[in-house]
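Bear in mind that the values in this text are calculations on the coordinates, not laboratory data. Just so it is clear, the model here is predicted, and its values are computed rather than measured. Note that we place each Cβ from the backbone using ideal geometry, even for glycine, and neighbour counts take in every protein chain shown.
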Amino acid sequence: MRLTTKNTLLAGVLAAFGTTAILSAPVLAGGDDVVVEDAWSRASIGTNRPGVAYMTIRNTGNEAVTLTSIRTDLAMMPEIHQTSTNAEGVSSMAPAGELEIAPGGSVALEPGGLHAMLMRLQRPMTEGESFALTLIFADGAEKTVNIPIFGIAARGPEN
Ligand SMILES: [Cu+2]
């Protein structure tokens, strides 16, 4: 009986908003519109040093998406970092903050630039294995990708 009442109420709400409004409502569009390409990472030596992962994150939707954080069982403190090089040629890195990706745009995490820093590794990153990493967007959407682990000297996704 309760279910019937609830369904009747829902039907009323749907009717009130109209079909068009329902169809165009972006329900957690961030995750569905995001495509991740060329994800890769390098093997680590033990767990004392942070790991790193790279990928291209593409927004195929019609609205900007904002990547706010990342999560993985592999590391307790995963974070998007930006590497920059100063006038003296000394490079350093810092948290990149939120990354907005325009409709049809993409952001590349690659050596020397943005990267997923995997701090406080929970286990070594072993060549030939892979791990899951979840991208978390401002609207609450999540996208989990499987990232292959290449050799310790790998330089790109083709390794
Ligand atoms: Cu870093």
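Specify whether the C-alpha gyration tensor of the range 67-121 places it in the rounded, prolate or oblate class, a ≥ b ≥ c being the square roots of the eigenvalues: rounded for a/c under 1.5, otherwise prolate if a/b is larger than b/c and oblate if not. Don't skip to the end; give the middle numbers.
On the way: a/c = 2.37, a/b = 1.11, b/c = 2.13.
Oblate is the answer for the range 67-121, as a/c is 1.5 or above yet b/c matches or exceeds a/b.
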**Complete:** Karplus-derived 3J(HN,Hα) from phi for the range 111-122 (6.51 cos²θ - 1.76 cosθ + 1.60, θ = phi - 60°), whole Hz, x at Gly and Pro, runs x, x, x, 5, 7, 8, 8, 10, 8, 6, 4, 8
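Taking 0.36 nm per residue of separation and subtracting the Cα-Cα distance, what length does fully extending ILE152 through GLN122 add?
Numbers: separation 30, 0.36 × 30 = 10.80 nm, distance 1.77 nm.
Result: 9.0 nm gained on full extension.
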**Asked** Each label point is 7 Å from the Cα along the Cα-to-Cβ direction; what then is the distance between the points at ALA102 and THR68, in nm?
**Response** 2.4
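Taking Rh as the Kirkwood radius computed over C-alpha pairs, what is the Stokes-Einstein D of the range 32-158 at 4 °C in a medium of viscosity 1.567 mPa s, expressed in µm² per second?
Numbers: Rh = 14.9 Å.
Roughly 87 µm²/s, to the nearest whole number.
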**Request:** Express in nm, to one decimal, how much length is gained between THR56 and GLU37 on full extension, taking 0.36 nm for each residue of separation and deducting their alpha carbon distance.
**Result:** 6.3 nm
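What whole-number volume per residue, in cubic angstrom, does the convex hull of the C-alpha atoms of the range 26-91 give? Each step should come with its number before you reach the end.
Working: hull volume 9.6 nm³, N = 66.
With only Cα atoms used, the range 26-91 gives 145 Å³ per residue.
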**Item:** Computed label-point distance, nm, for sites MET93 and SER130 using a 7 Å Cα→Cβ extension
**Value:** 2.2
